[in-house]
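Take a look at the structure set out below.
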Amino acid sequence: MSGISSKWLYLFVLSLIWGSSFILIKKSLLGLTPYQLGALRVVITGLFLFAMGFKSIKSIKPSNWKWLIISGILGSFIPSFFFAIAETEIDSAVVSVLNSLVPLNAILLGFAVFKITSTKRQIIGVIIGFIGTAILILKGANLNPSQNYWYAIFVILSTLMYATNVNIIKKYLQNVKPLAIATGNFVGIFVPAVIVLFFTDFFSVETFNQPHFKMAMLYVIILSFFGTALAKILFNRLVQISTPVFASSVTYLMPIVALMWGFLDGETFSWIQGFASIIILFGVYLSHKKSN
C-alpha cells in the first residue's frame with residue numbers, strides 16, 4: 001500500500017474509532033464518576049498495551065523516556081479525566097466538535113513553541129475556527145440552559161494538550177516505533193492512574209451495586225481498547241508517515257460520526273450550532289490547505 005493511500009486509511013479508521021468515543025464516555029458516566037472513568041480508561045488501556053507491546057519497551061532509548069512520559073501525560077492521562085468531566089455537563093456531540101480545535105492548536109503551538117513557521121492562510125484559518133467555537137458554545141448555552149457550558153474549557157484545554165503531543169511525537173519521537181510510543185506513554189501514567197482510582201472509592205460495595213455499573217464497565221473496556229490503546233498506535237503511526245497537522249485533521253470526520261451517535265441518543269443540536277461546526281471545520285481546512 002502506498003504512503004498516500006495508507007495515511008488516508010489510517011485517518012478514516014481513526015475517525016470511526018474516535019468519533020464513537022464520545023458516546024461511549026457518555027454511557028460510561030451512567031455508572032461511574034468522571035474520575036473513576038478517567039482512571040479506569042488509563043488502567044485498562046495500560047494493561048492492553050503492556051500485553052501487546054511489553055517487548056517493544058526494550059527498543060526505547062534512555063533519552064526518549066522524558067518525552068514519552070510528557071507525551072503520555074498530555075496525550076492520554078489528563079485528557080481522559082477532562083473529557084469525562086466535560087461530558088457531565090455538555091452533550092457528547094458538542095464535545096466532539098470542540099475537539100476539532102486540535103489542528104488549529106497544533107498550528108499555534110507549532111509556531112509559538114516548536115518554531116514551525118505559519119502562513120497567513122493558516123492564521124486566518126485559526127481565527128475563523130475560534131469564531132466558530134465561540135458561536136457553538138454561546139448558542140449551546142442558550143439552547144441548553146440546564147447545561148454548564150463553562151465545562152467546555154476542559155475540552156479546549158485537552159485540545160491544547162493533544163496539539164502539544166503531536167508536535168512532541170513528530171519532533172522528538174520520530175524514530176520510535178508506534179507501539180513502543182504507546183506502551184512507553186502508559187508506563188509513565190499507569191501507577192498514577194491506579195492511585196487516583198483507589199482514592200475514588202471504586203473498590204467499594206456502593207460502586208459495584210450501581211444499577212448501570214456492569215454496562216458502564218463494558219463501555220469503558222470498549223473505549224479503552226479501541227478508543228485509546230489501538231487508536232494511539234494507529235495515530236502515532238499516522239503522525240510518523242504524514243505531518244502533525246494532517247494527523248490532527250482526523251477531527252474533520254470525527255464530529256460526523258459523533259453527531260450521528262448523539263442524534264440516535266436524543267441529543268439536541270440546532271442549525272446554528274451546525275453552522276458554527278461548519279465554520280470550525282472550514283477554519284481547520286483553511287489552516288492547512290496548501291497554497292497554489
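Is it the case, given these coordinates, that residue 214 is modelled with pLDDT of 90 or more and among the basic types (Lys, Arg)? Break it down into steps so the answer makes sense when it comes.
Details: modelled with pLDDT of 90 or more: yes; among the basic types (Lys, Arg): yes.
When the stated conditions are applied, residue 214 passes them.
Just checking, how many residues over the range 245-269 are more than 14 Å from the chain's Cα centre (by Cα) and more than 22 Å from residue 91 (Cα to Cα)?
The total comes to 2.
Has the range 269-290 got any residue that is closer than 30 Å to residue 179 by Cβ, in contact (Cβ under 8 Å) with a residue 24 or more places away in the chain and surrounded by fewer than 19 Cβ atoms within 10 Å (Cβ to Cβ)?
No; the residues of the range 269-290 include none that is closer than 30 Å to residue 179 by Cβ, in contact (Cβ under 8 Å) with a residue 24 or more places away in the chain and surrounded by fewer than 19 Cβ atoms within 10 Å (Cβ to Cβ).
If you go through the range 205-230 one residue at a time, how many are farther than 13 Å from residue 33 by Cα and without any contact (Cβ under 8 Å) to a residue 40 or more places away in the chain? Even if it seems obvious, please write down each step before you answer.
Here is the first cut: in the range 205-230, the residues farther than 13 Å from residue 33 by Cα are 205, 209, 211, 214-215, 218-219, 221-230.
Retained after the next criterion (residues that are without any contact (Cβ under 8 Å) to a residue 40 or more places away in the chain): 205, 209, 218.
Adding up the residues that qualify gives 3.
Of everything in the range 40-81, what is aromatic (Phe, Trp, Tyr) and either out of contact with any helix residue (DSSP H, G or I) (no Cβ under 8 Å at 6 or more places or on another chain) or more than 20 Å from residue 162 (Cα to Cα) (or both)? Give them in sequence order. Outline the logic, then answer.
Initial filter on the range 40-81 (aromatic (Phe, Trp, Tyr)): 48, 50, 54, 65, 67, 77, 81.
If the condition is that a residue be aromatic (Phe, Trp, Tyr) and either out of contact with any helix residue (DSSP H, G or I) (no Cβ under 8 Å at 6 or more places or on another chain) or more than 20 Å from residue 162 (Cα to Cα) (or both), then 48, 50, 54 are the ones that fit.
Take the residues in the range 224-256 that are part of a helix (DSSP H, G or I) and touching a Ser or Thr at 6+ places or on another chain (Cβ under 6 Å); name whichever of them is farthest from residue 51 (Cα to Cα). First the steps, then the outcome.
Step one: of the range 224-256, the residues part of a helix (DSSP H, G or I) are 224-241, 244-252, 254-256.
Now restrict to residues that are touching a Ser or Thr at 6+ places or on another chain (Cβ under 6 Å): 224, 227-229, 250-251, 254-255.
Details: 224: 14, 227: 17, 228: 14, 229: 11, 250: 27, 251: 29, 254: 28, 255: 31 Å.
Looking at residues that are part of a helix (DSSP H, G or I) and touching a Ser or Thr at 6+ places or on another chain (Cβ under 6 Å), I get 255.
Which of the residues that make up the range 112-122 are buried (at least 16 other Cβ atoms within 10 Å of the Cβ) and either assigned to a helix (DSSP H, G or I) or modelled with pLDDT of 95 or more (or both)?
Correct list: 122 only.
Which is buried (at least 24 other Cβ atoms within 10 Å of the Cβ) and within 15 Å of the chain's Cα centre (by Cα), of 13, 94? First the steps, then the outcome.
Working: 13 fails: buried (at least 24 other Cβ atoms within 10 Å of the Cβ).
Only one candidate passes the filter, namely 94.
Which residue, of 32, 49, 68, 37, is under 19 Å from residue 190 (Cβ atoms), touching a Gly at 6+ places or on another chain (Cβ under 6 Å) and buried (at least 21 other Cβ atoms within 10 Å of the Cβ)?
Working: 32 fails: touching a Gly at 6+ places or on another chain (Cβ under 6 Å); 49 fails: touching a Gly at 6+ places or on another chain (Cβ under 6 Å); 37 fails: touching a Gly at 6+ places or on another chain (Cβ under 6 Å).
Testing whether each residue is under 19 Å from residue 190 (Cβ atoms), touching a Gly at 6+ places or on another chain (Cβ under 6 Å) and buried (at least 21 other Cβ atoms within 10 Å of the Cβ) leaves just 68.
What helices (runs of 4 or more DSSP H), lying completely within the range 1-105, carry at least 2 residues that are polar (S, T, N, Q)?
Working: elements: 3-28, 34-53, 65-72, 78-86, 92-98.
Hits in the range 1-105: 3-28, 34-53, 92-98.
Return yes when residue 104 is at pLDDT below 75 and either crowded, with 20+ Cβ neighbours inside 10 Å or of a type in the set (Lys, Arg) (or both) and no when it is not. Walk me through how you get there before you give the answer.
On the way: at pLDDT below 75: yes; either crowded, with 20+ Cβ neighbours inside 10 Å or of a type in the set (Lys, Arg) (or both): yes.
It is true that residue 104 is at pLDDT below 75 and either crowded, with 20+ Cβ neighbours inside 10 Å or of a type in the set (Lys, Arg) (or both).
Name every residue in the range 226-285 that is of a type in the set (Phe, Trp, Tyr) and farther than 15 Å from residue 20 by Cα, in order of residue number.
Kept after step one, since they are of a type in the set (Phe, Trp, Tyr), are these residues of the range 226-285: 226, 235, 246, 252, 261, 263, 269, 271, 275, 282, 285.
Within the range 226-285, 235, 246, 269, 271, 275, 282, 285 qualify.
Could you tell me which residue of the range 270-291 is modelled with the lowest pLDDT, considering only residues that are over 21 Å from the mean Cα position of the chain (by Cα) and not in a helix (DSSP H, G or I)?
So the residue we want is 291.
The values are calculated or read from the model by the stated rules, or taken from the named source; none is laboratory data. All values reported here derive from a predicted model rather than from experimental measurement. Cβ coordinates were reconstructed from backbone atoms using ideal geometry, including for glycine residues, and neighbour counts include every protein chain displayed.
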